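Here is the structure we will look at.
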Amino acid sequence: MAKLLWMPSEERKKEAKVTKFMDFVNKRYNLKLSSYQELYDWSIQYIPEFWEAVWDFCKVKALKKPEKIVDDLSKFPGAKWFIGARLNYSENVLRRKDDHPALIFYGETVKRGKMTYKELYENVAKMAKVLRQLGVERGDRVVGYIPNFMEGIVAMLASCSLGAIWASCGIELGPDAVIDRFSQIEPKVLFTVDGYFYKGKAFDVMSNVKKVVENLPFLQKVIVIPYLKEKPEISPIPKALFYHELLSGEKVDNIEFEYLSADDPHIILFSSGTTGKPKCIVHSLGGTVVVHFKTLCLHYDLSEKDVMLFIASPSWMVWNVQVSALATGGTLVLYDGNPFYPDYGRIWEIIQNEKVTFLGCGAGFILGCMQAGIKPKEKFDLSSLRTIFQSGSILPEEGFEWVYTAVKEDLYFNSGLGGTDVQGGIIEGTPIQPVYAGQMAGPALGFATKVYDEEGKPIFDKPGELVVEKPFPSVPLYFWGDKDGSRFMETYFGMYPNIWRHGDYIIHHSDTGGMTALGRSDNILKPAGVRIGPAEIYNIVEKIEGIEDSVVVGQYYKGDQRIILFVKLKEGLTLTEELKEKIKEELRTKASPRHVPAKILQVPDIPYTFNLKKVESAVWNIVNGRPVTNRGAIINPSCLQYFEKLTQEVLKGD
């Protein structure tokens, strides 16, 4: 059995919002639910009742409540949710209008800022009026090519208050990657900046912005927010206006919210685009609001008392979740830039200074701190910190253990999996569940989550495909431009009819109920037809002395597939025959002979996205002779030349 790292106290369980929700459900439906498992089972057996309870318990604001929660659960996909409801996203987020701090901004060590809820509401009201005057209407696309800063949140909330559809990319993305995304959805207005800071250096992006704008012919206005300079030169940018000049008019007291149906499109998220043009995933208003609120309330356990810090870029769906977190009435701390600048203690220092209670981050952040050998609890006062949420990529057992030994012993660590496709977690914990090393707590409330074998049968204790068997509100509406819906159906429902296939390779543990991720199933290795998750190899290889990082892919070879392992060694080390044999022996004895790579090669770096996700797909394309079509989505694309060189010199014709 996995190592138990944390068990919530009776007091923590009693105080948790999910416990209060259980009481709410028990009273409403005359039930006697008393554990997470019982609540979960009820949530997937009585789907309309569960989501109605979430709507009411989380106090969704609506001009009109739904007449019916869902029309037909036999339609998957195709079920309609919250029928008859009329609501607005921004009205749900902008509940407070007082002097309580809404936003605290850190732009590395260079920029600082604060905004109260009153100021946030006033800024959104002014910008909404400006956008209305610029001709933005319900259904128009408004986009942001921006850092993770306060003005970006104002832009999103102002756009959504009018019923416009929002989409964003982090300013760190290259212009070609941004054009690939935005050109598909034909935006009317673009919000952007003149530059950004990363590792203390200033990066002017006006040439990037110019290229993006010139390739978006439907754009009517470009709103530039000065960030590097007080008044940058914007004349080379067609249709450009200054943000602050637009906001300098007279005060606007109220926002005229445009009320939409629950199944109207609200937001477009983009797939990573590392294997082709990114998919434009269109999410509904009702699905976004209700699933975000369920996540923030029942899984994250957030309230107006919380101070929340998400390490997130506007390219990642977590950025959108953090905007929704303002609906809790708590304070949101925004951090833009490198979370390890000027050192690995920077985020922990902010947690201490701002008395942060909730940290949301990716596995890359935790592993970076762990590999740097820091112990934040020894240097910083982390007494305020109650919860860490981690997602985005796989965290090995030692990452879980590091949190409890180096950060804090009494802490709710919620490792989850879901993301862009579903606007929330398919696998998630709650503060009334134990935490085991290397395991996500289990299926999230309202998601009928299972692990299937290749024949479509549920399995435990063996790797398989992560699926959801029943409809849920945040199933995407469609892919933008996918006229006949074929790409959408193939992506999610192509393997098992009427069953959502999420595209992750998972083990569901029968003893704990927890789940362990092994990697994206489209990156699964299949030597001699045996399915192996990349994480099965990483979890062994990256513990070997001298190995800093690695990436593993399958290469088609003589009618089969062979495993190719690339390793990044610690500075000054070279891959010797002795180290190769050590790697093979460790994999053979700790996994199986099938896990042993056919080739082990040294590279100076491993490709990652800007959200610190390892990009196996780009390496897979290279070793299999296919183009990498979207290098702009990779933080260090120059490293791909080493994989190309090794493929030509070592792997081709071998």
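Here are the numbers for the structure shown:
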read-out	value
Of all DSSP beta bridges in the chain, antiparallel share, percent nearest 5	55 percent
Members of Lys375/Lys543; Lys210/Lys613; Lys65/Lys483; Lys211/Lys277; Lys543/Lys568 lying beyond 22 Å, as alpha-carbon distances in this model show	Lys210/Lys613; Lys65/Lys483
Residue order, fewest to most beta carbons within 10 Å, for Met22, Met206, Met127, Met489	Met489, Met206, Met22, Met127
Sequence-distant aspartates and glutamates (8 or more away, or on other chains) whose Cα lies within less than 12 Å of Lys558	Asp654
Relative contact order (%) - the chain, alpha-carbon pairs under 8 angstrom, separation at least six	13 percent
Whole-Å semi-axes of the ellipsoid equivalent to the chain (Cα gyration tensor, √5λ, descending)	36, 31, 25
Cut-off 9 Å between beta-carbons: net charge of the residues surrounding Leu103, Lys and Arg +1, Asp and Glu -1	0
Where labels lie 7 Å past Cα in the beta-carbon direction, separation of Asn26 and His244 in nm	5.5 nm
Dipole in debye (nearest 20) - the chain, about Cα centre, beta carbon charges: Lys, Arg +1; Asp, Glu -1	620 debye
Helix-only mean residue ellipticity at 222 nm for the chain, each DSSP H run of n ≥ 4 adding -39500 (n - 2.57), per residue, nearest 500	-8000 deg cm²/dmol
Aspartates and glutamates with Cα under 18 Å of Lys377, excluding same-chain neighbours fewer than 8 positions away	Asp343, Glu349, Glu354, Glu398, Glu401, Glu409, Asp410
Environment charge of Lys526, counting only residues whose C-beta is closer than 12 Å and scoring Lys/Arg +1, Asp/Glu -1	0
22 Å Cα-Cα reach of Lys457 towards lysines, excluding residues that sit fewer than 8 places from it in its own chain	Lys75, Lys470, Lys526
DSSP-loop GluC sites (Glu not before Pro) across the stretch 189-296, with at most 12 other Cβ within 10 angstrom	Glu230, Glu233, Glu250, Glu256
Pairs from Lys199/Lys614; Lys118/Lys251; Lys64/Lys251; Lys111/Lys229; Lys68/Lys450 whose Cα-Cα separation, in the structure shown, is over 23 Å	Lys64/Lys251; Lys68/Lys450
Which of Cys361, Ser261, Phe191, positive extreme of dipole for the chain (C-beta unit charges)	Ser261
Net charge over other residues, Cβ less than 12 angstrom from the Cβ of Ala62 (K, R count +1; D, E count -1)	+2
Lys111 versus Lys65: modelled label distance in nm, points set 7 Å from Cα along the beta carbon direction	4.3 nm
Length-normalised contact order for the stretch 39-128 - Cα pairs under 8 Å, 6+ apart - percent	18 percent
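Here, each number is a calculation from the coordinates, and none is a lab measurement. Model, not experiment: these values are computed from the prediction. All Cβ positions, glycine included, derive from the backbone under ideal geometry; neighbour counts span all protein chains shown.
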